[in-house]
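Comments concern the structure below.
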Amino acid sequence: FTTSLLLGTTMTISSNHWIMAWAGLEINTLAILPMISKSHHPRAIEAATKYFLTQATASALLLFSSMINAWQTGQWDITQLTNPTSCLILTSAIAMKLGLVPFHFWFPEVLQGAPLTTGLLLSTLMKFPPITLLYMTSPSLNPTVLTFMAILSTALGGWMGLNQTQIRKILAFSSISHLGWMTIIISYNPKVTLVNFYLYALMTTATFLTLNSTKASKLSTLMTTWTKAPALNAALLLTLLSLAGLPPLTGFLPKWLIIQELTKQDMA
Amino acid sequence: MAVAVVLLSGAPFHGGCCRHKVFLSLLGPLLSNSKLYSSYRRPGAEPKKKLSWQNADFSFKKSIDHLKTQLSLLTKETQDYLQGPGGHPLSQHVLEQTRVLWQFRSQEDLNKWVISSDVEIGGKSKVYIKLGRNNQAALLYGTLNTEVPRDGETKYSGYCSMRSRPAVGSFNRKKYYDWSNFNSLYLRVRGDGRPWMVNIYTDPYFSHQKDDLYSYFMFTRGGPYWEEIKIPFSKFFFSSRGRVQDNQHPVWLDKASFLTLGLTIGDKVDGPFQLEIDFIGLLNDRAHREEFAYETYDKN
């Protein structure tokens with residue numbers, strides 16, 4: 001399944017044709033489903049079902065968008081997406097794939113039902129192909145729609161994560177919030193989006209691996225992990241502060257760059 | 001839908017006067033009192049006099065009062081959200097080791113529970129609930145009758161149960177509770193020596209899991225003394241449609257949304273039964289380290 005995930009991701013990020021990109025996304029979706037439902041617990045099956053339904057809908061919308069563009073312009077090139085209807089449908093498809101507001105409801109539930117390692121893959125590797133497609137089509141997309149979704153994602157990701165007691169759900173809302181930051185700048189400076197994504201993936205990987213080693217899935221368990229692995233717990237503290245974007249940690253850098261770029265665009 | 005379009009479009013061929021007849025014939029079943037499905041009714045089920053939409057109350061004043069109630073509930077929920085998880089500070093959530101979920105001191109507490117018996121399928125058991133002496137407990141009592149209803153399809157009968165109503169927030173939305181800090185169910189009861197079954201129903205999202213139930217047994221001692229029964233959640237076994245499943249899973253309590261607790265008696269012994277319940281709560285028993293009691297080995 002891991003090989004299939006790598007295959008699907010590679011296909012999507014290296015493709016120029018919409019059909020290849022779609023095929024890669026479908027391979028990714030199908031490969032991650034057995035990993036989510038590995039334990040066969042009813043909640044894990046529920047998470048896998050929710051993931052499949054949302055991702056299949058998003059893939060269908062993506063295909064629909066590319067077909068409209070192919071019908072209007074006669075070509076299937078990803079970077080040549082010019083039809084406005086196609087752009088709008090693609091934006092909603094990518095938002096659904098990533099978990100941007102208002103298509104974010106599935107993400108915390110799916111992450112909660114999946115094991116921690118699969119949650120890591122869902123938060124990092126599965127985000128890579130849609131971000132790549134967004135990067136390639138960013139000049140054609142409507143900045144207003146993207147900004148609207150980004151602001152809502154950042155705000156809702158922060159507010160809804162406030163009273164959570166399950167760590168996987170907290171990280172899901174953190175992911176939604178970070179995706180908001182990535183999306184708001186993609187129309188103006190896509191490279192900052194990529195920097196933000198790579199740093200986010202690095203910090204999230206560190207967080208998930210630490211939680212996996214201490215088997216902590218809820219806040220009360222996290223409160224007592226310092227007795228078992230104090231150094232690891234201290235590292236987790238710094239990683240979480242970095243995820244939050246606290247200077248002088250690394251996580252502050254993408255936020256600084258984004259705000260700087262938005263200031264140049266008279267938006268901040 | 002397609003049939004309606006065809007019928008209505010065919011009406012002009014017969015003249016416009018027939019169109020309203022076609023319309024009435026389509027809506028006739030809705031307007032009349034006849035059922036749209038089979039008229040078979042299980043023995044014990046009350047005949048439906050009114051359709052469900054005919055029971056709706058369209059009073060304007062009542063709807064305004066209802067809206068005011070729901071808005072006040074929403075305000076309270078927002079205030080609780082600002083305080084912390086479950087309306088309590090985070091420190092309380094983390095340090096909490098016991099919590100009382102249901103205690104029976106007034107009629108309001110009894111109204112949070114629903115009693116039922118095999119009368120639903122045509123049986124003859126009886127069950128009642130009332131407040132005990134000095135309003136200090138709930139008394140669930142009745143008579144169990146295992147006589148099978150003679151409808152040609154039921155093979156077993158004889159059960160009585162008491163189930164909690166699921167918690168709803170404002171505008172009838174599901175309330176989510178996190179009970180993952182606790183590992184045991186704690187009941188203070190006084191029984192009559194009969195065994196009971198404790199059932200937990202976690203409201204699943206998809207309909208194909210609607211029959212899933214987690215159950216365990218509660219053996220009561222008869223006698224004048226109250227007993228405090230601790231049932232670890234690791235002991236609850238998983239069943240679906242009344243059949244214990246081969247693939248066993250522990251009950252997840254992180255999303256206790258529509259979680260309902262039920263107490264059922266069905267020990268196939270005819271006769272009276274009685275159970276007094278003081279309170280039902282949750283406990284974090286630090287001495288209990290078991291994660292799950294069944295099927296913990298690796299399966300092929």
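Given the structure, is A:Thr210 over 21 Å from the mean Cα position of the chain (by Cα), more than 14 Å from chain B (Cβ to nearest Cβ) and surrounded by 15 or more Cβ atoms within 10 Å (Cβ to Cβ)?
The answer is no for A:Thr210.
Residue by residue, here is whether (1) closer than 26 Å to B:Gly86 by Cα; (2) in a loop (DSSP other than H, G, I, E, B); (3) without any contact (Cβ under 8 Å) to a residue 12 or more places away in the chain; (4) hydroxyl-bearing (Ser, Thr, Tyr) holds:
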position	(1), (2), (3), (4)
B:Leu261	yes, no, no, no
B:Pro272	no, no, no, no
B:Glu276	no, no, no, no
B:Ile280	yes, no, no, no
B:Phe292	no, yes, no, no
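Of the residues B:Tyr205, B:Tyr176, B:Tyr214, which is among the hydroxyl-bearing types (Ser, Thr, Tyr), within 12 Å of chain A (Cβ to nearest Cβ), within 17 Å of the chain's Cα centre (by Cα) and surrounded by 20 or more Cβ atoms within 10 Å (Cβ to Cβ)?
Result of the check over B:Tyr205, B:Tyr176, B:Tyr214: B:Tyr214.
In segment B:68-102, how many are within 27 Å of B:Pro232 (Cβ to Cβ), in a helix (DSSP H, G or I) and among the hydroxyl-bearing types (Ser, Thr, Tyr)?
The qualifying residues number 1.
Among A:Leu88, A:Leu134, A:Leu171, which is the only one that is under 23 Å from A:Met35 (Cα atoms) and either buried (at least 17 other Cβ atoms within 10 Å of the Cβ) or not polar (S, T, N, Q) (or both)?
Sole residue among the options that is under 23 Å from A:Met35 (Cα atoms) and either buried (at least 17 other Cβ atoms within 10 Å of the Cβ) or not polar (S, T, N, Q) (or both): A:Leu171.
Residue under question is B:His249, and the condition is that it be in contact with a Ser or Thr (Cβ under 8 Å, 6 or more places away or on another chain) and not assigned by the TED database to the domain that holds B:Arg163; does it hold?
no
Pairs only if they're at least six apart or on different chains, beta carbon under 7 angstrom, first in segment B:104-123 and assigned by the TED database to the domain that holds B:Val168 and over 10 Å from B:Pro149 (Cβ atoms), second assigned to a helix (DSSP H, G or I) and hydrophobic (A, V, I, L, M, F, W, C); list them, first residue then second.
Final answer for the pair search is B:Phe104/B:Leu110.
Which condition number does A:Thr250 fail, the rest of (1) of a type in the set (Val, Ile, Thr); (2) surrounded by fewer than 21 Cβ atoms within 10 Å (Cβ to Cβ); (3) in contact with a Ser or Thr (Cβ under 9 Å, 6 or more places away or on another chain); (4) within 23 Å of B:Gln92 (Cα to Cα) being met?
Result: A:Thr250 fails condition (4) only.
Identify all residues within segment A:143-174 that are out of contact with any His (no Cβ under 9 Å at 6 or more places or on another chain), among the polar types (S, T, N, Q) and assigned to a helix (DSSP H, G or I); write none if there are none.
Residues satisfying the conditions are A:Thr144, A:Thr147, A:Ser174.
Looking at B:Ser91 and the list (1) within 14 Å of chain A (Cβ to nearest Cβ); (2) free of Cβ contacts under 8 Å to residues at least 12 places away in the same chain; (3) closer than 30 Å to B:Tyr205 by Cα, which single condition is not satisfied?
Single failed check for B:Ser91: (3).
Determine whether segment B:50-60 contains at least one residue that is modelled with pLDDT of 70 or more, surrounded by 10 or more Cβ atoms within 10 Å (Cβ to Cβ), under 25 Å from the mean Cα position of the chain (by Cα) and assigned to a helix (DSSP H, G or I).
no
Mind checking which residues of segment A:85-102 are farther than 16 Å from A:Met126 by Cα and in contact (Cβ under 8 Å) with a residue 24 or more places away in the chain?
Within segment A:85-102, A:Cys87, A:Leu88, A:Ile89, A:Leu90, A:Thr91, A:Ser92, A:Val101, A:Pro102 meet the criteria.
Could you list all residues from segment A:46-59 that are surrounded by fewer than 19 Cβ atoms within 10 Å (Cβ to Cβ) and either without any contact (Cβ under 8 Å) to a residue 12 or more places away in the chain or within 14 Å of chain B (Cβ to nearest Cβ) (or both)?
Listed by number, the residues that qualify are A:Phe52, A:Leu53.
Yes or no, residue by residue, for (1) more than 13 Å from the chain's Cα centre (by Cα); (2) more than 20 Å from A:Ala229 (Cβ to Cβ); (3) within 14 Å of chain B (Cβ to nearest Cβ):
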{"position": "A:Leu156", "(1), (2), (3)": "yes, yes, yes"}
{"position": "A:Ile176", "(1), (2), (3)": "no, yes, no"}
{"position": "A:Ile186", "(1), (2), (3)": "yes, yes, no"}
{"position": "A:Val192", "(1), (2), (3)": "yes, yes, no"}
{"position": "A:Ala201", "(1), (2), (3)": "no, yes, no"}
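Could you pull out the residue among A:Gly245, A:Gly251 that is on the phi > 0 side of the Ramachandran plot and more than 14 Å from chain B (Cβ to nearest Cβ)?
Selected residue: A:Gly245, the only one of A:Gly245, A:Gly251 that is on the phi > 0 side of the Ramachandran plot and more than 14 Å from chain B (Cβ to nearest Cβ).
Taking the conditions exactly as written (among the aromatic types (Phe, Trp, Tyr), surrounded by 19 or more Cβ atoms within 10 Å (Cβ to Cβ) and away from chain B (no Cβ under 14 Å)), does A:Phe64 satisfy them or not?
So A:Phe64 fails the test.
Select, from B:Val251, B:Val189, B:Val198, the only residue that is within 14 Å of chain A (Cβ to nearest Cβ), touching a strand residue (DSSP E or B) at 6+ places or on another chain (Cβ under 6 Å) and either assigned to a strand (DSSP E or B) or surrounded by 18 or more Cβ atoms within 10 Å (Cβ to Cβ) (or both).
From the options B:Val251, B:Val189, B:Val198, the qualifying one is B:Val251.
The values are calculated or read from the model by the stated rules, or taken from the named source; none is laboratory data. The model shown is predicted, which means the values in this text are computed figures rather than measured ones. No Cβ is skipped: glycine too gets one built from the backbone with ideal geometry, and neighbour counts run over all protein chains shown.
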